[in-house]
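Input: a single structure, listed below in structure tokens.
What follows draws every value from the coordinates through simple rules; no lab data is involved. Here the structure is a predicted model, which means the values were calculated and not measured.
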Amino acid sequence: MFKHQKEVFFSFLMTVKNLNLATKITLLRIVIIIPVLMLLSLATKFATFLACAFFVLAGVSDLLDGYIARRYGQVTTLGKFLDPLADKLLICTILIELCSLEWIPAWTVHLVVVRELAVTGLRAVAADHGVILAADTYGKWKTTFQILATVPLMLHYPYFGIPMHSIGMLLLYVAVFFTVLSGFNYFYTFCKDTHNKGF
């Protein structure tokens, strides 16, 4: 049993080793979720600051892997799958943790998570019908405000008299608005395109 697990582990390591640099950086962004959640769970001012620093590092890695993929021709099907997945996992798991700490209302997390799952499933169905649902303006605003909200919400405690939590909550409500709006727009676009194609 142990020998089999060891073989699987080394096989996994070899697979990762053979990936291009851009995809490795994307995987690193997923791994970063672990220390972020561990630090957030401590709920101290220093721990949440470190968690936020890791989150910012993940954001920088997102820009970096995209640049490397385009600059050096490392765009792959796996990378296209993992990149948005890493972003969704990072945001959703952090919001769930913040909810468990009772720092944000549960309904906001429900809307974000349900929207992400619904749109991901919709894209799979759309692709099966030959319809490509590209990221729209509302979706980009959604992502922007989710990131902007997550930083002060993670910091939580006041810094230099600045109420981080209050600022984060305001940004979160804006993010939820664009989350719902973009989700609706994706479904509207899908229904319109499939109707025009006679499905």
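Strictly over 26 Å apart at the Cα level, which of Lys24/Lys88; Lys24/Lys140; Lys45/Lys140 would you flag in this model? Show your work: numbers first, answer last.
Details: Lys24/Lys88 17 Å; Lys24/Lys140 24 Å; Lys45/Lys140 31 Å.
Too far apart for the 26 Å limit: Lys45/Lys140.
Picking from Val180, Val151, Val60, which is most flexible by a Gaussian network model of the chain using Cα springs under 10 Å?
Maximum among the listed residues: Val60.
How high is the relative contact order of segment 103-199, in percent, counting Cα pairs under 8 Å that sit 6 or more residues apart? Working shown, then result.
Numbers: 90 pairs, mean separation 35.6, N = 97.
So the answer I get is 37 percent.
Step through the residues of segment 129-144 one at a time and calculate ³J(HN,Hα) from phi using the Karplus curve (6.51 cos²θ - 1.76 cosθ + 1.60, θ = phi - 60°), rounding each to whole Hz and writing x for Gly and Pro.
So the Karplus estimates, Gly and Pro as x, are 8, x, 9, 9, 9, 6, 4, 9, 4, 4, x, 5, 5, 4, 4, 4 Hz.
Remind me, relative contact order of the chain in percent, using alpha carbon pairs under 8 angstrom and six or more residues apart? Write out the running numbers ahead of the final one.
Values: 192 pairs, mean separation 41.2, N = 199.
It comes to 21 percent, rounded to a whole number.
When the chain is treated as a GNM, springs tying every alpha-carbon pair under 10 Å, which of His110, His156, His129 comes out with the largest mean-square fluctuation?
His129
Determine the calculated [θ] at 222 nm for the chain from helices alone, applying -39500 (n - 2.57) to every DSSP H run no shorter than 4 residues and normalising by the residue count; nearest 500 deg cm²/dmol.
Working: 8 runs with 163 residues, N = 199.
That comes out to -28500 deg cm²/dmol.
For the chain, set up a GNM with springs between Cα atoms under 10 Å and report which of Leu78, Leu170, Leu181 has the largest fluctuation.
Per the Cα network of the chain with a 10 Å cutoff, Leu78 tops the list.
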